[in-house]
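What follows is a short report on a single structure.
The values are calculated or read from the model by the stated rules, or taken from the named source; none is laboratory data. Treat the numbers as computed from the prediction; the structure is a model and nothing was measured. Glycine gets a Cβ as well: all are built from the backbone with ideal geometry, and neighbour counts include every protein chain shown.
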């Protein structure tokens, strides 16, 4: 997992905790270009950037690999693997839309962090889960979640 300084600040602001520190995953610095997913030989097949800022999206769209997140995205795209960018900025300006188009044409998936309501979520956590479940589906995880028509 790679978390920017801004990601940690957003987490603290929105969730009012630092629970990311409790996840049993290896954390990599944004400047650690020796991370295994910084190279195609690492064989990683999916990258999820959540949330994906418009700045990060713009750097990916233009091939600017200035940190580990954008380098890994560059690798995923060049290897024709799955890149999922979960954008949450709104509204979009024309630059955002063109960057989304560029990343999509390069093989990436733009997944706006737009919740769905047809499952009738009753809590804020359930609303957020409609987004995370969709992302996990896109990544190919076999998850138990609400399915349309069932």
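Specify the residue that is farthest from residue 138 (Cα to Cα); the eligible residues are those in the range 63-91 that are touching a residue at least 24 places away in the same chain (Cβ under 8 Å) and out of contact with any strand residue (DSSP E or B) (no Cβ under 7 Å at 6 or more places or on another chain).
67
If only one of 145, 70 is buried (at least 18 other Cβ atoms within 10 Å of the Cβ) and closer than 30 Å to residue 43 by Cβ, which one is it?
70
Taking the residues in the range 133-142 that are surrounded by 14 or more Cβ atoms within 10 Å (Cβ to Cβ) and in contact (Cβ under 8 Å) with a residue 24 or more places away in the chain as candidates, determine which candidate is nearest to the chain's Cα centre (by Cα).
135
Assigned to a strand (DSSP E or B), in the same structural domain as residue 42 (by TED's automatic domain parsing) and over 19 Å from residue 11 (Cβ atoms): which single residue out of 57, 83 fits that description?
Going through 57, 83 in turn, the sole match is 83.
Of all residues in the range 110-129, count the ones that are part of a loop (DSSP other than H, G, I, E, B), free of Cβ contacts under 8 Å to residues at least 40 places away in the same chain and at negative phi.
Selection size over the range 110-129: 11.
Of the residues that make up the range 25-33, is at least one surrounded by 12 or more Cβ atoms within 10 Å (Cβ to Cβ), touching a strand residue (DSSP E or B) at 6+ places or on another chain (Cβ under 8 Å) and in a helix (DSSP H, G or I)?
Checked the range 25-33: no residue is surrounded by 12 or more Cβ atoms within 10 Å (Cβ to Cβ), touching a strand residue (DSSP E or B) at 6+ places or on another chain (Cβ under 8 Å) and in a helix (DSSP H, G or I).
Going by the structure shown, is residue 83 surrounded by 12 or more Cβ atoms within 10 Å (Cβ to Cβ), touching a helix residue (DSSP H, G or I) at 6+ places or on another chain (Cβ under 9 Å) and closer than 18 Å to residue 7 by Cα?
Considered against the rule, which asks whether it is surrounded by 12 or more Cβ atoms within 10 Å (Cβ to Cβ), touching a helix residue (DSSP H, G or I) at 6+ places or on another chain (Cβ under 9 Å) and closer than 18 Å to residue 7 by Cα, residue 83 comes out as no.
Can you find, within the range 87-114, the residue that is surrounded by the fewest Cβ atoms within 10 Å (Cβ to Cβ) among those that are touching a helix residue (DSSP H, G or I) at 6+ places or on another chain (Cβ under 6 Å) and within 11 Å of residue 54 (Cα to Cα)?
Restricting to residues being touching a helix residue (DSSP H, G or I) at 6+ places or on another chain (Cβ under 6 Å) and within 11 Å of residue 54 (Cα to Cα), the top hit is 89.
Restrict the check to the range 46-67 and report whether at least one residue is crowded, with 18+ Cβ neighbours inside 10 Å, farther than 22 Å from residue 99 by Cβ and modelled with pLDDT of 95 or more.
No, because not a single residue in the range 46-67 is crowded, with 18+ Cβ neighbours inside 10 Å, farther than 22 Å from residue 99 by Cβ and modelled with pLDDT of 95 or more.
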